[in-house]
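A quick write-up on the structure given underneath.
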Amino acid sequence: MRGLSVRWSLVDAAPGVEDQLADYVAETSYPKFSGMAGLRFKTWRQRAGEWFEGSYVFASPEDREEFEASFRAGAAASPVSRIVGSPPVLIEPCDVVAVAEGWEGFQAAPRATVEN
């Protein structure tokens, strides 16, 4: 499996950008990537005040290469770059060695909820 990580710095981003990013993911990005051909899965991760990241796993090298080339061409003008106010600081392809599904199972959701 072929992976791709795209990371933006939030160090100089406006206050409250994390909520804007969560709204963008729930309303626009999640629906865009759900059911996308060639994509096995995508996760969105962030550390408040530090970084926001999209992590992708593709079905084939060709699927990743096609997506990566297209993304790189417009990265500076991407929706996340506009929200954050700067382009990605990292666009890094990788190989995914393995994926394990835990006992609790996989939960697809447009917005994570905090559970105690």
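Assorted remarks:
- Residue match in region 95-116 (condition: in a loop (DSSP other than H, G, I, E, B) and modelled with pLDDT of 95 or more): no
- Evaluation of Pro87 against (1) out of contact with any helix residue (DSSP H, G or I) (no Cβ under 8 Å at 6 or more places or on another chain); (2) outside any strand (DSSP E or B); (3) not aromatic (Phe, Trp, Tyr) (one fails), failing number: (1)
- Test: Phe67 is in a strand (DSSP E or B) and crowded, with 17+ Cβ neighbours inside 10 Å: no
Each row is one residue, and each column tells you yes or no for (1) free of Cβ contacts under 8 Å to residues at least 60 places away in the same chain; (2) among the acidic types (Asp, Glu); (3) under 21 Å from Asp12 (Cβ atoms).
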residue: Ala77; (1), (2), (3): yes, no, yes
residue: Arg82; (1), (2), (3): yes, no, yes
residue: Pro93; (1), (2), (3): no, no, no
residue: Ala100; (1), (2), (3): yes, no, no
residue: Ala108; (1), (2), (3): no, no, no
residue: Ala112; (1), (2), (3): yes, no, no
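- Among residues of region 83-105, those that are under 15 Å from the mean Cα position of the chain (by Cα) and closer than 27 Å to Gly16 by Cα, counted: 8
- Checked across region 39-50, the condition of being of a type outside the set (A, V, I, L, M) and more than 22 Å from Leu21 (Cβ to Cβ) holds for at least one residue.
- Scanning region 29-64 for residues that are of a type in the set (Phe, Trp, Tyr) and in a helix (DSSP H, G or I) yields Tyr30, Phe33.
- Restricting attention to region 18-33, the residues being touching a helix residue (DSSP H, G or I) at 6+ places or on another chain (Cβ under 9 Å) and within 11 Å of Gln46 (Cα to Cα) number 1.
The values are calculated or read from the model by the stated rules, or taken from the named source; none is laboratory data. Since the model is a prediction, treat every value here as computed from it, not as a measurement. Neighbour counts run over all protein chains shown; Cβ positions are idealised from the backbone, glycine included.
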